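The values are calculated or read from the model by the stated rules, or taken from the named source; none is laboratory data. Bear in mind that the values here come from a model prediction, so they are computed numbers and not experimental data. Here the Cβ is made from the backbone with ideal geometry for all residues, glycine too, and neighbour counts use every protein chain on show. The area values use the complete protein model at the heavy-atom level, side chains included, leaving out ligands, DNA and RNA. Shrake-Rupley method; radii C 1.70, N 1.55, O 1.52, S 1.80 Å.
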Amino acid sequence: MLTIVLDDTGYGQLGCYGSPMQTPSLDGLAAGGLLYNNMHTTALCSPSRSCIITGRNHHANGMAAVTEMATGYPGYNGNIPLENGFLSEMLLQHGYNTYMLGKWHLMPSEQESPAGPYDRWPLGRGFERFYGFLGGDTNQWYPELVYDNHQVDPPASPEQGYHLSADLADKAMIFISDAKQVAPDKPFFLHFCTGATPPTHRTTSRGSGRIATGGSSTRAGTPTVR
């Protein structure tokens, strides 16, 4: 099972719902799966993401606001109760491989350092593998990356063609391929959460003259499910 969570995206941005924008890859996924027409978000990133991954109300998850605004008040502390099971935790117990790629943004910022605690990092919430970033945003060309439970440097530089979205997709395929070589029939759950790219800064692609925009935001997530 694959879930794709996109920031700053609604029905109006997806071709499969009639958008004038061309989204052939997402249209292809939708053609082979399910289309939803009654999706509710909280209009904020962390709260929506917590609802998607737990199926619970964002206040019950302690996620009434984005994690950078976590307070000590009930419903706002940014700590999703451990008894609020993640889909990854449920599927792991039913024999699935579980992978998390991209933006996490589901715990208070103070818990994102190498000192932990790690119980609310992806590997602490039912994901066997993680590659991405823990906070609400990161640079798309010089990201602050975490691989499983440790920080790593990007595998290449922007001058060598690096971009975070492509790196996340490559790593997702590697995770799946590693397991399929040994257990081809074992099911997997892949939670792919790329960040949005508003025009916070610009760089020119080498040799193409094209302008690419970058950044990442903390707004609501819209899921596409296959």
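Of the numbered conditions (1) of a type in the set (A, V, I, L, M, F, W, C); (2) more than 13 Å from the chain's Cα centre (by Cα); (3) modelled with pLDDT of 95 or more, L101 fails exactly one; give the number of that condition.
Every listed condition holds for L101 apart from (2).
Scan G132, G124, G102 and give me the residue that is in a helix (DSSP H, G or I), open to solvent by less than 60 Å² (accessible area, probe 1.4 Å) and out of contact with any Asp or Glu (no Cβ under 8 Å at 6 or more places or on another chain).
Matching residue, one of G132, G124, G102: G124.
Quickly run through the range 1-17 and pick out the residues that are surrounded by fewer than 18 Cβ atoms within 10 Å (Cβ to Cβ), not in a loop (DSSP other than H, G, I, E, B) and not polar (S, T, N, Q).
L2, Y11, G12, G15, C16, Y17
Return the only residue of L35, L29 being closer than 22 Å to A169 by Cα and of a type outside the set (F, W, Y).
So the residue among L35, L29 that is closer than 22 Å to A169 by Cα and of a type outside the set (F, W, Y) is L29.
Go through (1) crowded, with 17+ Cβ neighbours inside 10 Å; (2) hydroxyl-bearing (S, T, Y); (3) free of Cβ contacts under 8 Å to residues at least 40 places away in the same chain for T194 and report which single condition fails.
Just one mismatch for T194, condition (3).
Identify all residues within the range 18-67 that are assigned to a helix (DSSP H, G or I) and among the hydrophobic types (A, V, I, L, M, F, W, C); write none if there are none.
L26, L29, A30, A31, C45, C51, I52, I53
Among the residues in the range 150-158, are any part of a helix (DSSP H, G or I) and either open to solvent by less than 10 Å² (accessible area, probe 1.4 Å) or in contact (Cβ under 8 Å) with a residue 40 or more places away in the chain (or both)? Even if it seems obvious, please write down each step before you answer.
To start, the set of residues in the range 150-158 that are part of a helix (DSSP H, G or I) comprises 158.
Cutting the leftovers down to either open to solvent by less than 10 Å² (accessible area, probe 1.4 Å) or in contact (Cβ under 8 Å) with a residue 40 or more places away in the chain (or both) gives us 158.
Yes, that holds for at least one residue.
Scan the range 75-83 and tell me whether some residue there is open to solvent by less than 10 Å² (accessible area, probe 1.4 Å) and either small (G, A, S) or touching a helix residue (DSSP H, G or I) at 6+ places or on another chain (Cβ under 7 Å) (or both).
Within the range 75-83, one or more residues are open to solvent by less than 10 Å² (accessible area, probe 1.4 Å) and either small (G, A, S) or touching a helix residue (DSSP H, G or I) at 6+ places or on another chain (Cβ under 7 Å) (or both).
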